[in-house]
Amino acid sequence: MRFMVAAGRKYVFDFDSTLTRVEALDVLAEMTLQGNPKRDEIVKEIQKITNLGIDGDISFTESLERRIRLLNANKADLQNLVAELRQKISRSIASNKEFFHEYSEDIYVISCGFKEFIDPIVEEYNIPSDRVYANTFRFDEEGNIIGFDETNVLAAHNGKIECLKRLDLDGEVQVIGDGYSDYVMREAGIAHKFFAYTENVHREKAASNADHVAPNLDEFLFVNDLPRNLSYPKNRIKILLLENVHPAAFQNLSEEGFSVELVKHSLSEDELIERLKGVHVLGIRSKTQVTKKVLDAANKLMVIGAFCIGTTQIDLEYSRKKGVVVFNAPYSNTRSVVELAVGHIIMLMRNIFTRSSEIHNGEWNKTASNSREVRGKNLGIVGYGNIGKQMSVLAEAIGMRVYYYDVADQLALGNAVKCNSLEDLLSVSDVVTLHVDDNKANKNFIGEREINQMKDGAMLINLSRGFVVDIDALAAALKSGKLGGAAVDVFPVEPAGNGAFETPLQGLPNVILTPHIGGSTEEAQRDIAEFVPNKIMDYMNSGTTVDSVNFPNIRLPKQNKSHRFLHIHKNVPGIMAKINEVLAKYGLNITGQYLSTDPEVGYVITDLDREYDKEVVKELKNVENTIKFRVLY
């Protein structure tokens, strides 16, 4: 990629909490005070003094003197410190090592830290010792650190100002750092710009005095149009998570560098349209409806993550036409759903809720009436997918005979018996459990006719979709005694939030009603919060669409020192020829090209081994029938 670089521009980097994720003297204290009974207390005091100095609340000289007195360190400890610091390079600094090598002659390090540990670290980034300005230690005859060179200008308060003055650098000077001592160089008028580096620590004093806040080096390089590992900084990619998804999802995406907003509830169509302005990724659960109107308004939206199994709340076909990739969590909560179903079976067969209600009402009624073991009973599983199969395994493990029915040809697990029709399954089952998908054709899949095909006194369990069962027909069968019990976790109409709720099933004996909590366990929600963000990050970081529910699936090899173009287009003849014609026009060499299509959409990824002119991007975006285009590297 070609970058326009201002002639004579110089870059002045801080070291602690900028080039590294830590304050080096704090780390040294933790190492040298091992075994000291007051270690934690002393380390906290050193950290407190460090922050006072960084924020300018005490003079740097005082901060340095007080910390060194507490350190109890020796020259021999510095080797171990350097080894530790090498493991704590700031993430975006490490990923943009090429920038430091290419621009090393224009890069300076001005730090109130110490050359003894800074030089070995920055040397690996092609920054020589003569462009590192920092303090130096004083040692006694035994190598103990007893002080610092007080004649060094950087040992004095506001020493960085004087240091930069003496350097008298030509051209525009930009300072990148995290604290008071960095932004005062801009305030003093000897630096042209100050970038508050907040990847490791956000100091409000520095951020509020900055020309630009840089959450990472990618942002700094982007603003300056400099060579970088990512074409577009992740902090500029906005993610909106709704419906109180597990906090781990927020943490995972934030740690990856994305800008994430978390909302605890679902949004109406108009509210969603307003909140999606400038948003690239939307995360939802089952309540938020992503309609055509929403998708038309969300002009920057690239990905939707459904933190659940179902996707009927999303217009998948229109999302595909708009180039919006959708991921869900088809496996993460299967165990939770199955365990609840097994629990329901046992509770219903033993008539536990009737006995429990009697005790709550002060009545003791010890009886075996209507209380049966599940062992030896026939379980009918309708829908033999991920959940149905796991249900089959657990049911056999507790001694049930398993029958299953599925519209697709599914291989039986264990001793499960396949039924050729739904009627065959219903007529033989003591308990029927539903695990069908959210296909709209499944509405009232179990109605009056199907219930009448069930054995007298059989139990029905629905943890799939609310519209699958005709609730009125179920209520009538329970009242008449045709069915001996039911457990229902999902309903045809569910409220958007917690509060009042009514159903014809309320108050009926031997009926378990739960508020759509089949997959709502801590373990399942955490698994979903890992799975869906990983899919989102795979797509945003590499273009991989494996496990997308609405898009051609492509698994991409790891990109290595090449640029990657992602082109989503209508699946019409001639698109590939036009794309490659543009690439050939600009003399670009293709190192890898990957295409996958469905009847409506094509998705092609092209890897290039050389820098490219930005004009090629404009031409690719303007190829006829292009839906979306982006550059990854």
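Odds and ends about this structure:
- 5 angstrom amide H check on I146, placed H, neighbours 5+ away: R138, F139, D140
- Separation of the alpha carbons by more than 19 angstrom is noted, of K264/K300; K234/K277; K570/K621, for K264/K300.
- Cross-link reach list, lysines versus K75, counting only Cα pairs under 20 Å and skipping chain neighbours closer than eight places: K115
- Contact order, relative form, for the chain: 10 percent (alpha carbon pairs under 8 Å, 6 or more residues apart, mean separation divided by residue count).
- Listed residues F60, C419, A24: farthest to the positive end of the dipole of the chain (Cβ charges): C419
- R0 of 22 Å, Cβ-Cβ distance E396-Q453: FRET efficiency to nearest 0.05: 0.35
- Per-residue ellipticity at 222 nm, computed for the chain from helices alone with -39500 (n - 2.57) per DSSP H run of at least four residues, works out to -10000 deg cm²/dmol.
- Under 5 Å from the amide H of R465 lie the amide H atoms of V436, each residue being 5 or more positions distant or on a separate chain, with H modelled from the backbone and absent for Pro and chain starts.
- Restraint check, K443/K628; K48/K160; K389/K628, Cα-Cα greater than 27 Å: K443/K628; K389/K628
- In order through the stretch 494-499: 3J(HN,Hα) via Karplus (6.51 cos²θ - 1.76 cosθ + 1.60), integer Hz, x for Gly, Pro: 10, x, 6, x, 5, x
- Virtual spin-label span in nm between T136 and D296, 7 Å along Cα→Cβ: 7.1
- Inter-probe distance in nm under a simple model that places probes 7 Å from Cα toward Cβ, at Q251 and K38: 3.4
- For the stretch 237-327, the equivalent ellipsoid derived from the Cα gyration tensor has semi-axes of 19, 14, 13 Å, listed largest first.
- Separation in nanometres of the label points that stand 7 Å from Cα toward Cβ, at R375 and T151: 9.1
- Computed extension length for E611-E502: 32.9 nm, one decimal, from 0.36 nm per residue of separation with the Cα-Cα distance subtracted.
- For the stretch 555-631, the extents of the C-alpha atoms along the principal axes are 33, 27, 17 Å, listed from largest to smallest.
- Net length available on complete extension from E162 to E358 is 62.2 nm, with 0.36 nm assigned per residue and the Cα-Cα distance removed.
- Potential lengthening between A83 and D57 on full extension [0.36 nm per residue; Cα-Cα distance subtracted]: 6.2 nm
- As a calculated quantity, the FRET efficiency between N144 and N209 at R0 = 41 Å, using C-beta atoms, amounts to about 0.60.
- Based on C-alpha pairs under 8 angstrom that are at least 6 apart in sequence, the stretch 193-308 has a relative contact order of 20 percent.
- Mean separation of Cα contacts under 8 Å, 6 or more apart, over the residue count of the stretch 334-520: relative contact order %: 20
- Between 0 and 90°, nearest 10: helix 575-585 axis offset from the chain longest Cα axis: 10
- Phi-derived couplings, Karplus 6.51 cos²θ - 1.76 cosθ + 1.60 at θ = phi - 60°, listed residue by residue for the stretch 195-200: 9, 7, 8, 10, 4, 9 Hz, with x used for Gly and Pro.
- Structure-derived volume of the Cα convex hull per residue in Å³ - corresponding label in [x] 216; [y] 245; [z] 398: [x]
- Helix axis angle, 60-71 relative to the chain longest principal axis, alpha carbon, degrees: 70
- Computed FRET value (nearest 0.05) for S596 with K418, which takes r as the C-beta separation and R₀ as 35 Å: 0.60
- Whichever lysines have a C-alpha closer than 19 Å to that of K165, once near sequence neighbours (fewer than 8 apart) are set aside: K10, K193
- Degrees between helix 75-86 axis and first principal axis of the chain (Cα, 0 to 90, nearest 10): 50
- Ordering of 346-352, 548-554, 461-467 by burial proxy (mean other Cβ atoms within 10 Å per residue, highest first): 461-467, 548-554, 346-352
- Computed from backbone phi, the HN-Hα couplings of the stretch 229-240 come to 6, 10, 5, 9, x, 5, 5, 8, 8, 9, 10, 10 Hz, rounded to whole numbers (Karplus: 6.51 cos²θ - 1.76 cosθ + 1.60, θ = phi - 60°; Gly and Pro given as x).
- Annotation: lysines with alpha-carbon distance below 18 angstrom to K479 (same-chain offsets under eight excluded): K455.
- Among 487-496, 358-367, the order from most to least packed when residues are scored by Cβ within 10 Å on average: 487-496, 358-367
Taken together, the values in this text are just the output of simple stated rules run on the coordinates, not laboratory data. Please read all numbers here as calculations on a predicted model, not as lab measurements. Positions of Cβ are generated from backbone atoms using ideal geometry, with glycine treated the same way; all protein chains shown enter the neighbour counts.
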